[in-house]
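No lab work stands behind these numbers, since they all come straight from the coordinates. These figures come from a predicted structure and were not determined experimentally. Here the Cβ positions follow ideal geometry from the backbone for every residue, glycine too, while neighbour counts run over all protein chains shown.
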Amino acid sequence: MKFSTKLIHGNLKIDETGATNTPLHLSNAFAHTAAEELEGIMKGTSMGFAYTRISNPTVTSFERRIASIEGGFAATATASGMSAIYLAIMNVVESGDEIIASSGLFGGTYTLLRNLKSYGIKVIFLETINEESLKNVINDNTKIVFAETLGNPKLDVLDIESVAKVCNDNNVIFIVDSTMTTPYLINPIEYGVDVVIHSTSKYINGTSNSIGGVIVDGGSSKYKDVKYKNFNEYSKKFGKMAYTAKLRDTVGKDIGAALSPFNAFLNLTGVETLSLRMRQHNLNTMAVAKFLSINSKVASVNYPNLPSSKYYTLAQKYYKNGASGVLTFRLGSKENAFNFINNLKMILNITNIGDAKTLIIHPASTICANNTQEEKEQMGVYDDLLRLSVGIEDIEDILVDVENALKFVN
Ligand SMILES: *Cc1c(COP(=O)(O)O)cnc(C)c1O
């Protein structure tokens with residue numbers, strides 16, 4: 001099956017009712033006729049459902065759809081993108097371990113990683129994460145390399161293949177957050193990534209009607225290594241699926257950040273149109289990027305598919321059909337940036353991305369308000385910078401709104 005077909009039919013199981021949409025199973029628990037049956041499910045020796053914190057048929061259906069479109073062995077859905085990141089990391093690390101991360105991360109992820117210090121986990125942030133910078137800091141204590149395929153809001157394009165090579169040479173687990181790029185632009189597992197995360201709250205859901213996250217397991221034999229001794233038992237039993245087996249058996253259950261079946265149902269509906277939406281997001285964003293880059297009031301525009309971008313070559317190499325729906329631009333001063341937002345008529349001032357609607361935010365005073373000046377600069381955030389998440393409205397309406405608001409900029 002090709003990609004857009006998988007969005008609709010990938011791992012689709014039609015039950016005895018013939019319903020074409022996966023039914024919404026709003027039930028906390030599942031009854032079994034034989035005691036042996038429930039014993040087997042709870043022990044993990046047979047398939048089935050026991051309790052929705054652990055698994056649920058609607059959620060499983062969503063997980064299978066995501067695994068299908070991402071090219072993973074298995075997927076685990078979570079209550080939010082943040083819980084997906086937290087669980088994906090805590091499934092691996094122990095006190096004394098080290099993580100190497102890029103500094104151009106989503107603000108919430110940056111803070112999460114910084115807070116791991118209190119668990120005795122050291123995080124090294126690299127302003128640019130690539131083969132050379134990694135080689136200097138990777139060591140025997142490094143358990144994870146974490147990066148975003150496309151940084152939010154830095155919009156730096158990760159050189160996945162070269163980072164994966166260093167991770168493989170050193171037997172380090174490589175986790176990427178692909179929220180910004182979605183499986184429509186890239187399947188990171190194909191480039192040697194071990195675990196892929198999405199905040200499904202964004203493009204996968206597509207209309208911002210539910211928060212959620214997902215952890216996709218690419219399968220790996222790295223877990224056999226003595227370095228990952230907490231995985232060894234799972235590795236013996238579950239082979240390449242050791243990561244998901246441990247995740248579901250330990251932190252997944254312990255923390256209980258399960259995705260609600262209702263949200264899984266909404267995501268299943270949303271994901272069917274991912275290709276159509278991403279196509280329009282890509283086209284509209286490129287049009288806005290071009291429009292802004294020839295306006296004299298705009299100091300600079302950052303969008304990886306603009307030939308002037310320093311990430312242009314990497315974007316061309318890794319992203320299929322466009323560079324997603326987010327761009328940033330600078331207007332010379334905070335006052336100009338605020339004036340621009342305050343004079344928009346249709347575009348919404350919102351802390352979100354990946355919606356069908358066009359959204360704008362001033363990151364320095366909002367999502368990055370708790371970061372130091374130095375951290376902000378590492379994240380590519382400046383006082384005069386705006387982040388625009390371009391929606392799928394008619395491009396003419398978006399451009400009219402942008403053009404009008406620019407009249408209020410000095
Ligand atoms: C939004 C976002 C997250 C966090 O996801 P939530 O669903 O809001 O918890 C993580 N990473 C990236 C890149 C995001 O854009």
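Listed values, structure above:
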item: The chain, dipole about Cα centre (Lys/Arg Cβ +1, Asp/Glu Cβ -1), debye to the nearest 20; result: 220 debye
item: Among F262, G212, Y319 the positive-end extreme of the charge dipole of the chain (Cβ point charges); result: Y319
item: GNM result for the chain, Cα springs below 10 Å: residue of H32, H281, H362 fluctuating most strongly; result: H32
item: Of V59, H281, M90, farthest towards positive along the dipole that unit charges on Lys, Arg, Asp, Glu beta carbons give the chain; result: V59
item: Under-5 Å amide H pairs with G212, H placed in peptide plane, nonlocal only; result: G81, T200, S201
item: Low-density loop positions, GluC sites (Glu not before Pro), region 4-80 - DSSP coil, at most 10 other Cβ in 10 Å; result: E16
item: In nm, spacing of pseudo-spin labels at N28 and D15 (7 Å Cα→C-beta vector); result: 2.0 nm
item: Burial ranking of peptide ranges 391-397, 369-375, 194-200, 160-166 (average Cβ count within 10 Å, highest at the top); result: 194-200, 160-166, 391-397, 369-375
item: Table column - 3J(HN,Hα) (Hz), region 133-143, Karplus curve with 6.51, -1.76, 1.60, x for Gly and Pro; result: 5, 5, 4, 6, 10, 5, 8, 5, 8, 5, 10
item: Structure-based [θ]222 nm, the chain - -39500 (n - 2.57) summed over DSSP H runs of at least 4, per residue, nearest 500; result: -10500 deg cm²/dmol
item: In sequence order, calculated HN-Hα J values of region 378-394 (Karplus, 6.51, -1.76, 1.60; Hz; x Gly/Pro); result: 5, 8, x, 10, 10, 4, 9, 9, 10, 10, 10, 9, 7, x, 10, 5, 5
item: Interchain or long-range residues, amide H under 5 Å from L126's placed H; result: A101, S102, S103
item: Cβ-based net charge around K222, under 11 Å, with every Lys or Arg adding one and every Asp or Glu removing one; result: +2
item: Fewest-first ranking of T5, T76, using other Cβ atoms within 10 Å as the exposure measure; result: T5, T76
item: Given charges at beta-carbon only (K, R positive; D, E negative), |dipole| of region 93-177 in Debye; result: 300 debye
item: Assigned charges on the beta-carbon of Lys, Arg, Asp, Glu; region 21-168 dipole about Cα centre (debye); result: 340 debye
item: Net charge over other residues, Cβ less than 14 angstrom from the Cβ of D249 (K, R count +1; D, E count -1); result: +4
item: Contour excess over end-to-end distance, with Cα ends at L399 and E374 and 0.36 nm allotted per residue; result: 5.7 nm
item: Among 261-270, 327-336, 342-351, the order from most to least packed when residues are scored by Cβ within 10 Å on average; result: 261-270, 327-336, 342-351
item: Calculated from backbone phi, Karplus (6.51, -1.76, 1.60) coupling profile of region 122-127 in Hz, x at Gly/Pro; result: 8, 10, 9, 9, 10, 5
item: 12 Å beta-carbon shell around L386, net charge (K/R +1, D/E -1); result: +1
item: In range of the label at V137: residues from region 362-378 whose backbone nitrogen is under 19 Å from the point 7 Å along Cα→Cβ; result: 371-378
item: Rel. contact order, % - alpha carbon contacts under 8 angstrom, at least six apart, the chain; result: 17 percent
item: 21 Å Cα-Cα threshold exceeded, pairs from K202/K297; K310/K357; K143/K165; result: K202/K297; K310/K357
item: Under 5 Å, built H, 5+ apart or other chain: amide partners of F73; result: D217, G218, G219
item: P(r) tail fraction, the chain - alpha-carbon pairs more than 39 Å apart, %; result: 19 percent
